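Heads up, the thing below is written out as structure tokens.
The values are calculated or read from the model by the stated rules, or taken from the named source; none is laboratory data. Just so it is clear, the model here is predicted, and its values are computed rather than measured. Ideal geometry is used to build each Cβ from the backbone, glycine not excepted, and the neighbour counts take in all protein chains shown.
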Amino acid sequence: MSPTPRPYMLAETNWKSVQETAFTTAILPWGAIEAHNYHLPYGTDNYQAEHVVERAAALAWEKGARLLVLPGIPYGVNTGQLDIGFCMNMMPSTQLAILKDVCDVLVRHGISRLVIFNGHGANNFQPLIRELAGLWPQLFICAVNWFQAGDRKAIFEAPGDHADELETSVMMYIAPQLVMPLETAGDGATRRFAAAGFRKGWAWAQRPWTRITQDTGSGNPYKATPEKGKTYLEQAVLAIAEFLEEVSTRSVEEMLTHD
């Protein structure tokens, strides 16, 4: 918690500050509660998203972006993990209902842009944004996957997408007290669908999580270090801060290009 209220954090600021600030953009962090191998906490996605969005929003605010970070949604889509203890699932239809209520409030109070700040791979906001755009055409809505904003291949050795080297390194840096020793972790080995369409990416099916992994991980975490986590975070925060500044200060027309 910041020692003083940050004017861009809705949960910390006050009505006087809100009345005096012409906000253009709202940011809604969205994570998940789910098992992350044996060594990372269930709230990993939330800890990471909150850390990144707060740092990026601070940088964008300093450059003149008038944005407001909303309290985050801690539950995500986990329909592939319903048989894993206490992996909390929120249906996409529930996400849509929540977003409709959020958008209604934002439009009533003059917000013209909404950034859904995603920290969980199974949250797919694209179809929801398409529906919301039809209901509130005056509201520009986009989604950011913070975990894709850095140069993963330049920093990490092992591929993966869940409790892997990347996530483990980031948690080692931002919340080391919550990370169990790496020797307690499984190797994150996973099985894949055999059909070529799935492997090449033009076919998709939900992964039955307990049938593809023994430890709930996807990707080997053993070479994770806090230094790697810091390096990746610095890249992601700077890239996202620049993005938030652009989205908050430019019109949709100005963001379009004729490349």
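General remarks:
- Counting only strands (runs of 3 or more DSSP E) wholly contained in the stretch 62-162, no element carries 2 or more residues that are over 16 Å from the mean Cα position of the chain (by Cα) and of a type in the set (Val, Ile, Thr).
- Residue 248, sole failed condition from (1) among the small types (Gly, Ala, Ser); (2) out of contact with any Ser or Thr (no Cβ under 6 Å at 6 or more places or on another chain); (3) surrounded by 15 or more Cβ atoms within 10 Å (Cβ to Cβ); (4) not in a loop (DSSP other than H, G, I, E, B): (2)
- Single residue of the stretch 58-105 satisfying the filter (of a type in the set (Lys, Arg) and touching a residue at least 40 places away in the same chain (Cβ under 8 Å)) that is farthest from residue 129 (Cα to Cα): 63
- Filter result for residue 199 (charged (D, E, K, R), in a loop (DSSP other than H, G, I, E, B) and either touching a helix residue (DSSP H, G or I) at 6+ places or on another chain (Cβ under 9 Å) or exposed (fewer than 14 other Cβ atoms within 10 Å of the Cβ) (or both)): no
- Long-range neighbours under 8 Å by Cβ, at least six apart or interchain, first residue among the aromatic types (Phe, Trp, Tyr) within the stretch 16-39, second part of a helix (DSSP H, G or I) and surrounded by 23 or more Cβ atoms within 10 Å (Cβ to Cβ): 30/49
- Residue list for the stretch 106-138, restricted to those being touching a residue at least 40 places away in the same chain (Cβ under 8 Å) and of a type in the set (A, V, I, L, M): 106, 111, 114, 115, 116, 122
- Residue 178 meets each of the listed conditions (1) surrounded by 16 or more Cβ atoms within 10 Å (Cβ to Cβ); (2) of a type in the set (A, V, I, L, M); (3) out of contact with any His (no Cβ under 9 Å at 6 or more places or on another chain) apart from (1).
- The single residue among 47, 38 that is buried (at least 18 other Cβ atoms within 10 Å of the Cβ) and outside any strand (DSSP E or B) turns out to be 47.
- Number of positions in the stretch 55-71 that are within 16 Å of residue 4 (Cβ to Cβ) and surrounded by fewer than 21 Cβ atoms within 10 Å (Cβ to Cβ): 2
- Hits in the stretch 153-168 - residues which are on the phi < 0 side of the Ramachandran plot, surrounded by 20 or more Cβ atoms within 10 Å (Cβ to Cβ) and among the aliphatic types (A, V, I, L, M): 166
- The residues on offer are 150, 110, 134, and the sole one that is small (Gly, Ala, Ser), on the phi > 0 side of the Ramachandran plot and at pLDDT 95 or above is 110.
- Single residue of 150, 160, 188, 229 found to be touching a helix residue (DSSP H, G or I) at 6+ places or on another chain (Cβ under 9 Å), closer than 14 Å to residue 38 by Cβ and small (Gly, Ala, Ser): 188
- The test for being surrounded by 14 or more Cβ atoms within 10 Å (Cβ to Cβ) and modelled with pLDDT of 95 or more does not hold for residue 82.
- Total residues in the stretch 1-52, condition modelled with pLDDT under 95 and touching a strand residue (DSSP E or B) at 6+ places or on another chain (Cβ under 8 Å): 1
- Residues of the stretch 165-196 that turn out to be assigned to a helix (DSSP H, G or I) and of a type in the set (Phe, Trp, Tyr), as a count: 1
Every residue, every condition in (1) polar (S, T, N, Q); (2) over 17 Å from residue 162 (Cβ atoms), yes or no:
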site	(1), (2)
18	no, yes
24	yes, yes
42	no, no
58	no, yes
67	no, yes
79	yes, no
90	no, yes
97	no, yes
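- The one condition in (1) buried (at least 17 other Cβ atoms within 10 Å of the Cβ); (2) at negative phi; (3) of a type outside the set (D, E, K, R) that residue 216 fails to fulfil: (2)
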